[in-house]
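**Student:** Take this structure, written in structure tokens, and hold onto it; I'll ask about it next.
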Amino acid sequence: MNPTIDAKMKAKGYERVSGMAILNDIAATETHREILSSKLTTPKAVEVFNNEVGDGWVLYRKTYEAPQCE
């Protein structure tokens, strides 16, 4: 995946992850012409992605910072 995409996703609060997709992950792949991405917003979308995923797909997951206690 293009390093620029990783940087853009990080700026949006997402980190690259591996393994199985979960709800609200972003699945992205690079074609010869463009980058395609989809937010996995339903349990069925996650199930289909996990069953059908092939090489070239990258998952991004929203990162959440724990609240700081003072």
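**Student:** Give the residues of the stretch 3-27 that are open to solvent by 40 Å² or more (accessible area, probe 1.4 Å) and closer than 25 Å to V48 by Cα, sorted by residue number.
**Tutor:** Residues of the stretch 3-27 that are open to solvent by 40 Å² or more (accessible area, probe 1.4 Å), as a first pass: 3-4, 6-8, 10-12, 15-16, 18-20, 22-24.
Those that are open to solvent by 40 Å² or more (accessible area, probe 1.4 Å) and closer than 25 Å to V48 by Cα: D6, E15, R16, S18, G19, M20, I22, L23, N24.
**Student:** To continue, here is another question. Applying the selection to the stretch 17-45, what residues are out of contact with any strand residue (DSSP E or B) (no Cβ under 8 Å at 6 or more places or on another chain) and over 24 Å from A7 (Cα atoms)?
**Tutor:** Listed by number, the residues that qualify are T42, P43, K44.
**Student:** Being hydrophobic (A, V, I, L, M, F, W, C) and part of a helix (DSSP H, G or I) is the filter; apply it to the stretch 30-46 and report the residue that is least open to solvent (accessible area, probe 1.4 Å).
**Tutor:** That would be V46.
**Student:** Kindly provide the set of residues from the stretch 6-38 that are touching a helix residue (DSSP H, G or I) at 6+ places or on another chain (Cβ under 8 Å), of a type in the set (S, T, N, Q) and over 16 Å from G56 (Cβ atoms), ordered by number.
**Tutor:** none
The values are calculated or read from the model by the stated rules, or taken from the named source; none is laboratory data. Keep in mind the model is a prediction, meaning the values are calculated, not measured. Backbone-built Cβ (ideal geometry, glycine too); neighbour counts: all protein chains shown. Please note that ligands, DNA and RNA were not included when accessible areas were found on the heavy atoms of the full protein model with its side chains. Shrake-Rupley method; radii C 1.70, N 1.55, O 1.52, S 1.80 Å.
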